[in-house]
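Worksheet for the structure shown next.
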């Protein structure tokens, strides 16, 4: 079946603009994660959803970052008043939440460049 | 929280040689250790994983070993091919969370023909 998809693939924003990044998880996957990947680094956790509930947002770097998954499927990561340090690839991953199931499958990411 | 260290940061080998990438983790309760391969501009792809109740797992040319006592795990690639060239990330899952993964900083593997 189709994998995790993300849009847009590339986004250029001027400093101070708001951006919205979309993630379509694998159908039937209950768990959805957002990660931030800086250049030359590994992905870093931002936030986690189980269905529509945001159970962990401990990784969000500031209150300018906001995520939602209102119907338990598509998720949107919003960044308000973007700053240059927000430039990174934003990865979404989904997982089927079953007993002992931990595998996460990633989307292609959205590369955000703040100028 | 969990901390994952990965070495080396870059690894160059000749085609046909073996490659080994090592990771250490800090949380002795971590119970799941995946490895991802990420080609330039592409998504991270899960290539192999291991659970804490297993010491070794193989899948064709790749294998992962886990030493819980020493809190380290390694990725082994045999008979390397140019298409193995990519960045490889290890990760660890701490059981107290929601399957959140903590990643290493990555190893760029270059396989020369």
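Number of residues in segment A:75-107 that are farther than 21 Å from residue B:100 by Cβ and part of a loop (DSSP other than H, G, I, E, B) equals 5.
Scanning segment B:87-109 for residues that are in a strand (DSSP E or B) and either without any contact (Cβ under 8 Å) to a residue 24 or more places away in the chain or touching a helix residue (DSSP H, G or I) at 6+ places or on another chain (Cβ under 9 Å) (or both) turns up just one, B:109. If the condition is being in a loop (DSSP other than H, G, I, E, B), surrounded by fewer than 16 Cβ atoms within 10 Å (Cβ to Cβ) and without any contact (Cβ under 8 Å) to a residue 40 or more places away in the chain, then segment A:35-71 contributes A:40, A:41, A:51, A:52, A:57, A:58, A:61, A:62, A:63, A:64, A:70, A:71. The lone criterion from (1) within 14 Å of another protein chain (Cβ to nearest Cβ); (2) touching a helix residue (DSSP H, G or I) at 6+ places or on another chain (Cβ under 7 Å) left unmet by residue B:34 is number (2). Output the number of residues of segment B:28-43 satisfying the condition of being farther than 18 Å from residue B:82 by Cα, more than 11 Å from the chain's Cα centre (by Cα) and surrounded by 13 or more Cβ atoms within 10 Å (Cβ to Cβ). Result for segment B:28-43: 4.
Total residues in segment A:99-115 satisfying the condition of being away from every other protein chain (no Cβ under 11 Å) and at pLDDT below 95: the figure is 1.
Which residue is nearest to the other protein chains (Cβ to nearest Cβ), if the candidates are limited to segment B:41-69 and must be assigned to a loop (DSSP other than H, G, I, E, B) and touching a residue at least 24 places away in the same chain (Cβ under 8 Å)? Going through the qualifying residues, I end up with B:44. When segment A:1-15 is filtered for residues that are at pLDDT below 95 and either surrounded by 17 or more Cβ atoms within 10 Å (Cβ to Cβ) or under 25 Å from residue A:55 (Cα atoms) (or both), only A:3 remains.
Condition check ((1) under 19 Å from residue B:87 (Cβ atoms); (2) within 11 Å of chain B (Cβ to nearest Cβ)) across all residues:
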residue: A:37; (1), (2): yes, yes
residue: A:56; (1), (2): no, yes
residue: A:63; (1), (2): no, no
residue: A:75; (1), (2): no, no
residue: A:80; (1), (2): no, no
residue: A:88; (1), (2): yes, no
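Residue count for segment B:73-98 satisfying the condition of being within 11 Å of chain A (Cβ to nearest Cβ) and touching a strand residue (DSSP E or B) at 6+ places or on another chain (Cβ under 6 Å): 8.
Scanning segment B:99-113 for residues that are more than 9 Å from chain A (Cβ to nearest Cβ) and crowded, with 19+ Cβ neighbours inside 10 Å yields B:107, B:109, B:111.
When each of A:18, A:24 is tested for being exposed (fewer than 14 other Cβ atoms within 10 Å of the Cβ) and within 12 Å of residue A:77 (Cα to Cα), the lone residue that passes is A:18. Would you mind stating whether residue B:20 is free of Cβ contacts under 8 Å to residues at least 60 places away in the same chain and more than 11 Å from every other protein chain (Cβ to nearest Cβ)? The answer is yes for residue B:20.
Here residue B:30 does not qualify as in contact with a strand residue (DSSP E or B) (Cβ under 7 Å, 6 or more places away or on another chain) and closer than 29 Å to residue B:113 by Cβ.
The values are calculated or read from the model by the stated rules, or taken from the named source; none is laboratory data. Just so it is clear, the structure is predicted and the values come from calculations on it, not from any experiment. We place every Cβ from the backbone using ideal geometry, glycine too, and count neighbours over all the protein chains shown.
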